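**Student:** There's a structure below that I have some questions on.
The values are calculated or read from the model by the stated rules, or taken from the named source; none is laboratory data. Everything numeric here is computed off the predicted structure, so don't read it as measured data. No Cβ is skipped: glycine too gets one built from the backbone with ideal geometry, and neighbour counts run over all protein chains shown. Just the protein is used for accessible areas: all its heavy atoms, side chains included, with ligands, DNA and RNA removed. Shrake-Rupley method; radii C 1.70, N 1.55, O 1.52, S 1.80 Å.
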Amino acid sequence: MIKSEKNIAFIDDKQFPFENGEMLITFLERHLGENSIPTLCYDPNLNPIGACRLCTVEISRGPDEERKVVASCHTPVQDGLHVYPHTDRMHRMRKNILGLVAGDYPMDTVTDDQETEFSRLVKSMNVSESGYKGATREAFKADRSHPYMVSDLNKCINCHRCVAACDEIQGEFVLSMFGRGYDSHIIKGTCESFNDSDCVSCGACVQTCPTGAITDIFQSNIRTPDEKITRTVCTYCGVGCNLEVITQGGKITKVRAPADAEVNKGHLCLKGRYAFGFHNHPDRLRSPMVRENGEFKEVSWDEAYDFIAQRLEKIKSEYGPDHIAGISSSRCTNEENYLMQKFIRAVIGTNNIDGCARICHAPTAAGMQRTFGTGAATNSIKDLDDTDCILVIGANPTEAHPVTGARIKQAAMKGKTLIVIDPRKTTLAKYADIHLQLRPGTNVALLNMMLYYIISEGYIDHDFVDSRTEGFEEFREEILNLDIDEAEEITGVDREMAKLAAITYAKAKNAMSFHGLGVTEHHQGTYGVTLVADLAMITGNIGRSGVGVNPLRGQNNVQGSADMGVQPNQGAGYLDVTVPENRKKYEQHYGVSLPHEVGYTIPEMIEAAQEGELKALWIMGEDVVQTEPNTEKVRKALQNLDLLVMQEIFMSETAKLATVILPGSSFFEKSGTFTNGERRIQRVNAVIEPLHDSKPDGQIVAEMMNQMGYKQPAYRASEVLKEISGIVPFFKGVKWEELGENGKQWPVMENGEDTEILHTETFGRGKGLFVHTDYTESPEIEQFGVAYPLILTTNRELEHYNCGTMTRRTPNREIVTEDVLLMNPGDATRKGIHDGDTVQLKSARGTIKIRVRISDEVKPGVVSSTFHFPEIMLNTVTGDVYDEVANCPEYKVVAVDVIAV
Ligand SMILES: Nc1nc2c(c(=O)[nH]1)N[C@H]1C(S)=C(S)[C@@H](COP(=O)(O)OP(=O)(O)OC[C@H]3O[C@@H](n4cnc5c(=O)[nH]c(N)nc54)[C@H](O)[C@@H]3O)O[C@H]1N2
Ligand SMILES: Nc1nc2c(c(=O)[nH]1)N[C@H]1C(S)=C(S)[C@@H](COP(=O)(O)OP(=O)(O)OC[C@H]3O[C@@H](n4cnc5c(=O)[nH]c(N)nc54)[C@H](O)[C@@H]3O)O[C@H]1N2
Ligand code: SF4
Ligand code: SF4
Ligand SMILES: [Mo]
């Protein structure tokens, strides 16, 4: 045997390095090129199955030693191993195997213009069906039952990849093999159709299917020669999955998940993969419109700009700039958000600028800025690999952040400890080791209970607390004053369970928390966030991989819009606008003097409009009528404005009230950057030209700035990014051309280095600050709890996205057709309500009609629903209580009653 250096093996007697634990197939493909080893059952994202034997290679301990034949997909490389991948014997064997497979395959479907992994192999190895015709079996009927998923099992070669993908990537366990021998075939749950199964349409099985036996209505796993591929980032949630968008003849025809994307590693959910049909839906807004005598009239862009500029100038001179406000959009790019806040601040002259973070994770920003000094996720999703304990509090990622949700579920199934704190039995709660099903609105009491046990049972990480934090002694005393009997009563959580959860989290070597709106959308939202941060600090779970505090940021670019200055108190890069040096910095960049006063938050804008104080509102991509609480109040407030300008892609409920509508272009039609929930700035690349007479939102804002006399260069995303890098400290090293395919996580240093983990040595504010708060009951319950004895908590559904303008215009609408009210069987029986009944849902604000689904997902006394359908208009009932610090609405605690009709 030829002596080799460590981690060296031989391919056809030439030496090559390999990586520890690497399988032969990846070693060979790395050195010989992609697809150099034929295979049918192998997918790098799945555990090797070793079933098809096509990837077999010869190995030996030396050139003259005896050779063995092994499957390269599940044989690890060893030091000094000799591999002979392409001997005549191997070619003959592979051709034989493929010939057998082809014998059972409808080879007439293998055509030149439709390429699958299978057809590519068959052609490259020159295999036809000749000679190997298997026994004839009855043809399978194609399954076209589902709005997206399709199967034609006549093309199935029993490679098992779809089964593995459903189990190992999505964790849904829909697919399995049924029957024996020649009759064995794929089934979906206990049935033959996708539509009757538990399939969540993630498309993982499609992406891996090598023959197209399982596919989707777009045939995304079948390639054609005319495909053009553009890589971009999903427009929906804050996971920030990368997409490969396929265009044919200039039209978007399918989407795939790039296997090398750091964020989603070849996976997507049905929104990213399939719900793209909204973009060219006939309802897309086509041209600027101005309201005349109650009707919208199409006008040219110049006419629309003239009209708006005149109105804004008039309001500015009559009342002053503070009577104008802007709402920016977390659906839009960083560059567009940056310009929007610049427009409002530098051109209009007011700090009245806010965005959807207000009604979402503003308490996270406020709470984490208080404790850590930086209001963003401390770690990355991939740290799930390095953690031992996952705490999910007030988040439902299998619906709202599905690619992350699937990873958490996989981690739990592989034995990592999972603790879920949620009033509902969410999917993850079903996989959790501990589920604390608290009463909605009582996080602060429950987190105090957990902190109490960590302190009283002696699980404090003293080294971390002493060296990295301040304020602990006072905090400790306050926590130890907690009345446990009372806390148990308030939360409805057994003290032993709370203690177990606390100690489990504290004892884990690495514990990682994820939180969502179940923490933030409360009157004590910010305090809840600070306690989650306290929990991490007291146990030393900060500053390394597999730990930290990780808000699951909601919208595709909500992290980015806040980073860009879309809030009334902080400009781009979070500098306080009331501090003179900060203002000076901004003024130097913008070349004008800037307003001193903190502006209105969104709820304050609505109040001010209602009172006639606010005269004009410019909204870019947010449907405040449907998504802000207390719909009637919002509607009346907007109707009270002199001017409502709406940049939209659809006629949303808010757009219907606008004075002027400006059609923006969708994310497929523009370039720029989105920042995901792990602070990752990723490039969005235009796939097609703007449709109809729409314009990218950034261009609209830049043109408007010029119209109002400010010299803003013509809109180019890369140029605006340059401007941003000059002003936002943590974007210093961000360069358009250096972002690459997987983006960079801020802070990005001047030399271009990025940051995966925050607070490794010091916190943003130096030392971490312990902040204690006592629980208080929601004013909503105090005021209305007697008249409206049930608690409504509102959340989201996988298939629909927020106001639903987009997902309702895709086949997702056929999967989920309406918002429903989940009600506990006990409550339903008591009220004489049956599953499927339409009921009245009443609160102090108003009444809606909604269908009931009886479910033990909710406890007695709690009902739950979603807010995706304007026909239901759920926010008619939500209320006027806000987070005490960050002014985020309390969507999660609404006093209601349900009345059978
Ligand atoms: N499919 C889909 N995905 C989305 C969205 C969508 O509309 N549809 N929206 C995006 C946006 S904007 C956001 S912000 C994110 C939101 O994503 P999440 O933060 O997951 O939001 P929700 O589902 O609203 O609420 C999360 C959980 O909080 C629980 N909860 C309610 N009250 C309490 C409480 O008092 N304590 C605790 N501990 N939990 C409570 C609810 O039962 C729910 O399971 O999702 C994003 N992703
Ligand atoms: N009851 C209840 N209500 C809630 C919540 C809850 O948990 N419960 N959650 C709240 C939360 S967290 C959020 S973030 C809000 C979200 O509320 P919104 O921000 O109002 O909802 P979205 O559906 O995300 O989208 C806003 C609009 O942007 C438009 N749009 C999309 N892309 C573009 C684009 O490129 N350009 C332009 N100009 N427009 C575009 C869409 O058509 C849509 O009308 O809802 C809040 N409302
Ligand atoms: S689409 Fe996803 S959930 Fe449905 S069968 Fe395929 S892998 Fe499973
Ligand atoms: S998980 Fe979020 S980012 Fe990823 S495809 Fe789904 S909606 Fe898009
Ligand atoms: Mo959100």
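**Student:** Any idea what the dipole of the stretch 19-132 comes to, in debye rounded to 20, about its Cα centre with Lys/Arg Cβ at +1 and Asp/Glu Cβ at -1? Present the calculation step by step, with values, prior to reporting the outcome.
**Tutor:** Numbers: 11 positive and 18 negative charges, 77 e Å.
In debye, rounded to 20, the stretch 19-132 gives about 360.
**Student:** Sort 663-675, 682-694, 641-653, 168-180 by the packing proxy (mean of other Cβ within 10 Å over each peptide's residues), most packed first.
**Tutor:** Descending packing order for the listed peptides: 663-675, 641-653, 682-694, 168-180.
**Student:** Roughly speaking, what is the stretch gain from residue 317 to residue 817, that is 0.36 nm per residue apart minus the C-alpha to C-alpha distance, in nm to one decimal?
**Tutor:** Extra length available between residue 317 and residue 817 comes to 175.2 nm.
**Student:** Sort 882, 274 from largest to smallest accessible area, using a 1.4 Å probe on the heavy atoms of the protein chains. Display every interim value, and only then the final one.
**Tutor:** On the way: 882 50, 274 0 Å².
Final ranking, largest accessible area leading: 882, 274.
**Student:** Working only with C-alpha atoms, what are the Rg and Dmax values of the stretch 541-661, expressed in angstrom?
**Tutor:** Considering the stretch 541-661 through its Cα atoms, Rg and Dmax are 17.6, 52 Å.
**Student:** How much length is gained if the chain between residue 108 and residue 598 is pulled fully straight, taking 0.36 nm per residue apart and subtracting their Cα-Cα distance, in nm to one decimal? Could you put the intermediate results ahead of the total?
**Tutor:** Numbers: separation 490, 0.36 × 490 = 176.40 nm, distance 6.95 nm.
Residue separation times 0.36 nm, minus the Cα-Cα distance, leaves 169.5 nm.
**Student:** Further, regarding this structure: Ranking request for peptides 497-506, 550-559: highest mean number of other beta-carbon atoms within 10 Å first, then the rest in descending order.
**Tutor:** 550-559, 497-506
**Student:** Rg over Rh of the stretch 726-779, using C-alpha atoms and the Kirkwood radius, what does it come to?
**Tutor:** Over the Cα atoms of the stretch 726-779, Rg/Rh equals 1.23.
**Student:** If I ignore ligands, DNA and RNA and count only protein heavy atoms, how much of residue 418 is accessible to a 1.4 Å probe, in Å² to the nearest 10?
**Tutor:** 0
**Student:** Express the Stokes-Einstein translational diffusion coefficient of the stretch 290-348 in µm² s⁻¹, to the nearest whole number, given a Kirkwood radius over alpha-carbon pairs, 4 °C and a viscosity of 1.567 mPa s.
**Tutor:** 98
**Student:** With a bin width of 10 angstrom, please list the P(r) values of the stretch 319-456 as percents of all Cα-Cα pairs, from the 0 bin to the one holding the largest distance.
**Tutor:** 10, 27, 32, 17, 11, 2, 0
**Student:** Need one number: nm distance between label points at residue 831 and residue 639, each 7 Å from Cα along Cα→Cβ, rounded to one decimal.
**Tutor:** Going from the residue 831 label point to the residue 639 one covers 2.9 nm.
**Student:** For the stretch 1-111, just the Cα set please: Rg and Dmax, both in angstrom.
**Tutor:** 14.8, 51
**Student:** For the stretch 344-424, I need the span (max minus min coordinate) of the C-alpha atoms along each principal axis, in Å, sorted largest to smallest.
**Tutor:** Principal-axis extents of the Cα atoms in the stretch 344-424, largest first: 55, 26, 23 Å.
**Student:** How high is the FRET efficiency between residue 849 and residue 589 when r is their beta carbon distance and R₀ equals 51 Å, given to the nearest 0.05?
**Tutor:** 0.45
**Student:** Just read off the accessible area of residue 91 with the full protein assembly in place, 1.4 Å probe, to the nearest 10 Å².
**Tutor:** About 90 Å², ignoring ligands and nucleic acids.
**Student:** Evaluate 2.2 N^0.38 Å with N set to the residue count of the stretch 735-877, then give the Cα radius of gyration divided by it.
**Tutor:** Scaled against compact globular proteins, the figure is 1.55.
**Student:** So what are the ³J(HN,Hα) numbers for the stretch 773-790, from phi and the Karplus equation (6.51, -1.76, 1.60; θ = phi - 60°), rounded to whole Hz, Gly and Pro as x?
**Tutor:** Going residue by residue, I get 9, 8, 5, 10, 5, 5, x, 4, 6, 4, 7, 10, x, 6, 6, 10, x, 8 Hz, with x marking Gly and Pro.
**Student:** In whole Hz, with x marking every Gly and Pro, tabulate ³J(HN,Hα) for the stretch 845-861 from phi via Karplus 6.51 cos²θ - 1.76 cosθ + 1.60, θ = phi - 60°.
**Tutor:** 8, x, 10, 10, 9, 8, 7, 9, 10, 7, 7, 8, 4, 10, 7, x, x
**Student:** Send over a whole-number figure in Å² for the accessible area per residue of the chain, probe 1.4 Å.
**Tutor:** On a per-residue basis, 37 Å².
**Student:** Quick check: the distance between the Cα centres of the stretch 135-172 and the stretch 507-544, to the nearest angstrom?
**Tutor:** 42
**Student:** Find how much the distance from residue 578 to residue 120 grows on full extension, using 0.36 nm per residue of separation minus their present alpha carbon separation; answer in nm with one decimal.
**Tutor:** Gain on stretching residue 578 to residue 120: 158.5 nm.
**Student:** Would you grab the residues whose amide H sits under 5 Å from the one on residue 436? Only those 5+ places off in sequence or on another chain, please, with H modelled 1.01 Å from N.
**Tutor:** 420, 421, 422
**Student:** Let me spell out the model: positive unit charges on the Cβ of Lys and Arg, negative unit charges on the Cβ of Asp and Glu, origin at the Cα centre of the chain. What dipole size does that give, in debye rounded to 20?
**Tutor:** 2020
**Student:** To two decimal places, what compactness ratio does the stretch 404-466 give when its Cα radius of gyration is scaled by 2.2 N^0.38 Å?
**Tutor:** 1.34
**Student:** At each listed q (0.09, 0.23 Å⁻¹), what is the log10 of I(q)/I(0) that the Debye formula gives for the stretch 394-509 modelled as equal alpha-carbon point scatterers?
**Tutor:** -0.28, -1.24
**Student:** Turning to a different aspect of this structure: May I have the convex hull volume per residue, in Å³, for the Cα set of the stretch 221-359?
**Tutor:** Per residue, the Cα convex hull of the stretch 221-359 comes to 171 Å³.
**Student:** Please report, in whole Å, how far the alpha carbons of the stretch 145-277 spread along each principal axis, starting with the longest.
**Tutor:** Dimensions of the stretch 145-277 along the principal axes of its Cα atoms: 44, 32, 26 Å.
**Student:** Of the lysine pairs in the stretch 293-384, how many meet both conditions: Cα atoms under 30 Å apart, and a spacing of 8 or more in sequence or different chains?
**Tutor:** For the stretch 293-384, qualifying lysine pairs total 5.
**Student:** If you don't mind, another one. Measure off, as a whole percent, the carbon and sulfur share of the 1.4 Å-probe accessible area of the chain, all protein chains present.
**Tutor:** Summing carbon and sulfur atoms, their accessible area is 47 percent of the total for the chain.
**Student:** To the nearest whole percent, what portion of all C-alpha pairs in the stretch 435-573 is separated by more than 26 angstrom? Can you show the working numbers first?
**Tutor:** Numbers: 2617 of 9591 pairs.
More than 26 Å apart: 27 percent of the Cα pairs in the stretch 435-573.
**Student:** Then there's this: So what is the diffusion coefficient of the stretch 788-865 in µm² per second by Stokes-Einstein at 4 °C and 1.567 mPa s, using a Kirkwood Rh over Cα pairs?
**Tutor:** 96
**Student:** For the stretch 140-181, what is the largest minus smallest coordinate of the Cα atoms on each principal axis, given in angstrom and ordered from greatest to least?
**Tutor:** 31, 27, 14
**Student:** Kindly state, to the nearest 0.05, the FRET efficiency for residue 489 paired with residue 632, given R0 = 45 Å and r defined as their beta-carbon distance. Each step should come with its number before you reach the end.
**Tutor:** Details: r = 35 Å, r/R0 = 0.79.
After rounding to 0.05, the efficiency reads 0.80.
**Student:** Enter the Cα centre distance for the pair the stretch 344-406 and the stretch 184-228, rounded to the nearest angstrom.
**Tutor:** Spelled out, the Cα-based centre of one part sits 34 Å from the other.
**Student:** Let me ask something additional. Run the simple label-point estimate for residue 228 and residue 470 please: 7 Å along Cα→C-beta, distance reported in nm.
**Tutor:** 5.8
**Student:** Between the stretch 599-657 and the stretch 713-733, what's the alpha-carbon centroid distance in Å?
**Tutor:** If you average the Cα positions of each part, the centres end up 30 Å apart.
**Student:** Run the helix sum for the chain: -39,500 (n - 2.57) per DSSP H stretch of 4+ residues, divided by residue count, reported at 222 nm to the nearest 500 deg cm²/dmol.
**Tutor:** -8000 deg cm²/dmol
**Student:** Once the cut-off is 49 Å, how many percent of the Cα-Cα pairs in the chain end up in the long-distance tail?
**Tutor:** So the pairs more than 49 Å apart make up 24 percent of the total in the chain.
**Student:** What FRET efficiency comes out for residue 96 versus residue 385 if R0 is 45 angstrom and r is the Cβ-Cβ distance? Round to the nearest 0.05.
**Tutor:** For R0 = 45 Å, the calculated efficiency reads 0.65.
**Student:** For residue 227, what accessible area in Å² do you get when you roll a 1.4 Å probe over the heavy atoms of the protein chains, rounding to the nearest 10?
**Tutor:** About 40 Å², ignoring ligands and nucleic acids.
**Student:** Provide the net charge surrounding residue 67, with neighbours chosen by a C-beta distance below 15 Å and charges set as Lys +1, Arg +1, Asp -1, Glu -1.
**Tutor:** -3
**Student:** Please report the relative contact order for the chain, taking Cα pairs under 8 Å with a sequence separation of at least 6, and give it as a percent rounded to a whole number.
**Tutor:** RCO, the chain: 13 percent.
**Student:** Give me the one-decimal nm value for the distance between modelled label points at residue 722 and residue 217, 7 Å along each residue's Cα-to-Cβ direction.
**Tutor:** Spacing of the two 7 Å Cα→Cβ label points: 4.4 nm.
**Student:** For the stretch 156-161, take each phi angle, set θ = phi - 60°, evaluate the Karplus expression 6.51 cos²θ - 1.76 cosθ + 1.60, and give the result in whole Hz per residue in order, putting x for glycine and proline.
**Tutor:** 7, 10, 6, 7, 6, 5
**Student:** Leaving ligands, DNA and RNA out of it, rank 73, 199 by accessible area with a 1.4 Å probe, largest first. Numbers along the way, then the final one.
**Tutor:** Values: 73 0, 199 30 Å².
Sorted by accessible area, descending: 199, 73.
**Student:** How high is the relative contact order of the stretch 35-106? Use alpha-carbon pairs under 8 Å, at least six apart in sequence, and give a whole percent.
**Tutor:** In percent, rounded to a whole number, it is 29.
**Student:** Output the Kirkwood hydrodynamic radius of the stretch 135-206, Cα pairs only, in Å rounded to one decimal. Intermediate results must be reported in sequence, preceding the final value.
**Tutor:** Numbers: mean 1/r = 0.0802 Å⁻¹.
It works out to 12.5 Å.
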